[in-house]
Amino acid sequence: MDAMMRRTRGRPVPHGRVTSRAAMVFGLVTALFSVAALWGLTNAVAAGLLAFTIFFYVVIYTIWLKRSAPQNIVIGGASGALPPMIGWAAATGEIGLPGISMFLLIFMWTPPHFWSLSLFMKDDYERAGVPMLTVTHGSESARHHILGYTVLLALTAVLPILVGIGGIIYVATALIMNARFLFGAWQLARRDNGEAVKDHFAAERAFFRFSLWYLFLHFSALVGDAGLAVWLP
């Protein structure tokens, strides 16, 4: 599948620099070692969440959902959203509402992030037989789904404030970033594919790039607020 996609064919396995067998052995060894190390250095809750994350990503998402369902990235996004919850469990010994709020932030961010990518990489997914929403339901449907999930994401971004881990830095960041992200999603929903092809998907590429900053700055703001709490108790 990766070998047929322009975006992924340069990766070590499809490119032939690493054999699939060597990659599988390396993946299994590092997965087992990472779970054991996390258990030994922190606690069983964090290690259990990590083991579940690895299983979910490899089996549920990669082997099953990615090849069979247009909602693959929605359900499969849970695996990519679990690391902050693992970190919270490692630090506190429990999952907790703050961990859940950070999980939900990434979970709701994942669909607009990847669907905006699929708008200008649709041919790649078609060629590889990946049933992304743009392939199965068309670009117009994907654009409206992006807007819908971005609205839900903006509402979800409030949760860290409600559970007490988002302070003044996070509030300011969330207001600015979500307003900009919502405006971008609204712009995408108004565009047709013909218009996008003419300008080489400029708005879609810009939205995708901004989505990277969106997540980075939200979590940076949480770190900034935690630093303020230490220095200005």
**Request:** Subtract the Cα-Cα distance of His15 and Ala37 from 0.36 nm times their separation in residues, and report this length gain in nm to one decimal.
**Result:** 4.8 nm
**Asked** Using the Karplus equation 6.51 cos²θ - 1.76 cosθ + 1.60 (θ = phi - 60°), what ³J(HN,Hα) coupling, rounded to whole Hz, does each residue of segment 62-73 give in order, writing x for Gly and Pro?
**Response** 5, 7, 9, 5, 4, 9, 9, 10, x, 8, 3, 6
**Fill in**
Residues of segment 48-64 with backbone N under 17 Å of the label point set 7 Å from the Cα of Met24 along Cα→Cβ are 55, 58-60, 62-64
**Fill in**
Over the chain, with neighbouring protein chains present, the accessible area per residue in Å² at probe 1.4 Å is 53
**Fill in**
For segment 71-207, whose charge dipole is built from +1 on Lys and Arg Cβ atoms and -1 on Asp and Glu Cβ atoms, the candidate among Pro111, Asn72, Ala174 with its Cα farthest towards the positive end is Ala174
**Request:** Report the extension gain between Ala226 and Trp64 in nm, rounded to one decimal, defined as 0.36 nm multiplied by the number of residues separating them, less their alpha carbon distance.
**Result:** 54.5 nm
**Message:** So for each of 11-20, 207-216 I average, over its residues, the number of other beta carbons within 10 Å; can you give me the resulting order with the highest mean first?
**Reply:** 207-216, 11-20
**Theoretical FRET efficiency, 1/(1+(r/R0)^6), r = Cβ-Cβ of Gln187 and Leu215, R0 22 Å, to 0.05** = 0.65
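The values are calculated or read from the model by the stated rules, or taken from the named source; none is laboratory data. Here the structure is a predicted model, which means the values were calculated and not measured. Because the Cβ atoms are built from the backbone with ideal geometry, glycine has one as well, and the counts that use them run over all protein chains shown. Protein only, heavy atoms only, side chains kept; ligands, DNA and RNA dropped before computing areas. Shrake-Rupley method; radii C 1.70, N 1.55, O 1.52, S 1.80 Å.
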